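Comments concern the structure below.
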Amino acid sequence: MEDFYHSTLSTDLMILSYKDPESEQKFIEKRQKEHLPIKKSVLTRDTNPFAINRPPPKPRGNKKRLPVPPKQSHKTIPKLLKIDVHCMIKEAIHSKQHLLSGIMALQCITSERPTVVYSKTGVAQWKLRKDMPIGCKVSISGPPMYTFLDKLVEIVLPRMKEWHGIPITSGDQNGNIAMGFPASALSLFPDIEGNYDMFPLMTGFDVIFNTTAYTDYEGRMLLSGFQIPFTPRKKMGRKGRINRN
Amino acid sequence: MTNHFSYRSALSTSIRGLLARTVKKSKPKSEIPGSQNANITDTRYQIIKRILYETPKPELPKMTEQDLEKHETIDRAWKLFLRNQQEERENELAAKYRMLNEANLELEKLGSRLFNSAQIGNKIMMFPRQMKIPTETPPLNGWNYDYKPPSSDPTKPLSSDPTKPLPSDPIKDSEPLPSDSNKVSS
């Protein structure tokens, strides 16, 4: 997979994601744009000597400031950096040992030891307290990442029931795309299929693909090169509109 | 690389045997919910806990000075090989990018309809689904000579559009690609 990326995908991606200087400049300016702050008094920050080390003002309307991409070159081709596999185990609320099954499963899939994730807030409705071990996550990069991707694309994804592809609108506006799997998907992995009885609890998990792409569009392009299917929305109306930038 | 037989589970055969034996022991004769189920899971969890946290760490091999020297030279040689490979790739990509850029600038000077259409591109630009990722070994079923591309289906994604750029042949990759900057939208 890695060789395939280097030999075929990277050159194609370079050509496909090439932007001519004008549109590139527009995109960089869009990302660099400083939105209006909530309080107008903040606009006089430069003249005010008391405001030197204050934190930057919050933008109006909950607008995010996304990272500014570098000037494009042969080094800025979108590349898969790492894959994060995360598993939240609800049963761990009443008994911690259920976590072990998740940890074992993730270790079998990814060949790396996962770390435990603790809750940040408490939710009384689910009897969750703060700093309670509630899930596990593992981050893989390099050759293990490509083998995991291989397994996904060749074995797991084709056999999943009632799954048509990642929705084309998925992504964090910065080129990272995530997808979730139901518990049934875990049994499709060859490492787990062999020892199915050993896992007391089959959990669903989610997979986050971290790429060096700066737009969802490029991230999707990269992942489709690895043969991960995407489904477009049937209605191309307002909600189905695809954001290129 | 994609040889399925090379996938090994993270558990060694001895540990798998241990687990299998305990699972057989702890299966109840009659399906009683509640306490019996809790009993099954207890034993398996104890074993998993033991495997994860209580197996002794594998010892590092003790090497003599000569062995260490050999190991280090091999390590350095491998890293050098990787470094050279990386440099080659980077130089190739840099050359291609330069050609791409120059071609685009020349096209801009001409100020033609082609340049304008090259700027826009396609809204959904993805690699085709039918693309085959090359594997190290051929498939078990052999080559499908009777393959027919699927008929146009409204529910299928638009990425199976034949006008999309096909993946370039690795053998022909040494040529610069000046004409590929014309991304003419269909």
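Odds and ends about this structure:
- Residue tally, condition of a type in the set (D, E, K, R) and surrounded by 14 or more Cβ atoms within 10 Å (Cβ to Cβ), over the stretch A:4-37: 5
- Looking only at the stretch A:161-183, and only at residues there that are closer than 18 Å to A:Ile109 by Cβ and surrounded by 14 or more Cβ atoms within 10 Å (Cβ to Cβ), the one that is nearest to the other protein chains (Cβ to nearest Cβ): A:Trp163
- Out of B:Leu110, B:Leu114, one residue alone is surrounded by 13 or more Cβ atoms within 10 Å (Cβ to Cβ), more than 10 Å from chain A (Cβ to nearest Cβ) and modelled with pLDDT under 85. It is B:Leu114.
- Count of the stretch A:42-61 residues which are at pLDDT 80 or above, loosely packed, with under 11 Cβ neighbours inside 10 Å and within 23 Å of A:Ile28 (Cβ to Cβ): 1
- Restricting attention to the stretch A:173-197 and to residues that are assigned to a helix (DSSP H, G or I) and in contact (Cβ under 8 Å) with a residue 60 or more places away in the chain, the residue that is nearest to A:Arg65 (Cα to Cα) turns out to be A:Leu186.
- In the stretch A:167-184, the residues that are at pLDDT 90 or above and touching a helix residue (DSSP H, G or I) at 6+ places or on another chain (Cβ under 9 Å): A:Asn176, A:Ile177, A:Phe181
- When residues of the stretch A:56-97 are limited to those that are more than 22 Å from A:Cys108 (Cβ to Cβ) and among the polar types (S, T, N, Q), the one farthest from the other protein chains (Cβ to nearest Cβ): A:Asn62
- Where B:Thr137 falls short, out of the listed (1) closer than 22 Å to A:Ser224 by Cα; (2) assigned to a loop (DSSP other than H, G, I, E, B); (3) of a type outside the set (Phe, Trp, Tyr): (1)
Here's the yes/no breakdown for (1) outside any helix (DSSP H, G or I); (2) surrounded by 10 or more Cβ atoms within 10 Å (Cβ to Cβ); (3) at pLDDT 55 or above:
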| site | (1), (2), (3) |
| --- | --- |
| B:Thr41 | no, yes, yes |
| B:Arg44 | no, yes, yes |
| B:Pro56 | yes, no, yes |
| B:Met63 | yes, yes, yes |
| B:Arg76 | no, yes, yes |
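- Among residues of the stretch A:123-147, those that are under 30 Å from A:Gln227 (Cα atoms) and either of a type in the set (Val, Ile, Thr) or touching a strand residue (DSSP E or B) at 6+ places or on another chain (Cβ under 6 Å) (or both), counted: 9
- A:Pro200 vs. criteria under 26 Å from B:Ile133 (Cβ atoms) and either within 13 Å of another protein chain (Cβ to nearest Cβ) or in a helix (DSSP H, G or I) (or both): no
- Considering the conditions (1) at pLDDT 80 or above; (2) over 30 Å from A:Thr115 (Cβ atoms); (3) more than 14 Å from chain B (Cβ to nearest Cβ), A:Lys39 is excluded by exactly one of them, (1).
The values are calculated or read from the model by the stated rules, or taken from the named source; none is laboratory data. All values reported here derive from a predicted model rather than from experimental measurement. With ideal geometry, Cβ positions are generated from the backbone for all residues, glycine too; neighbour counts draw on all protein chains shown.
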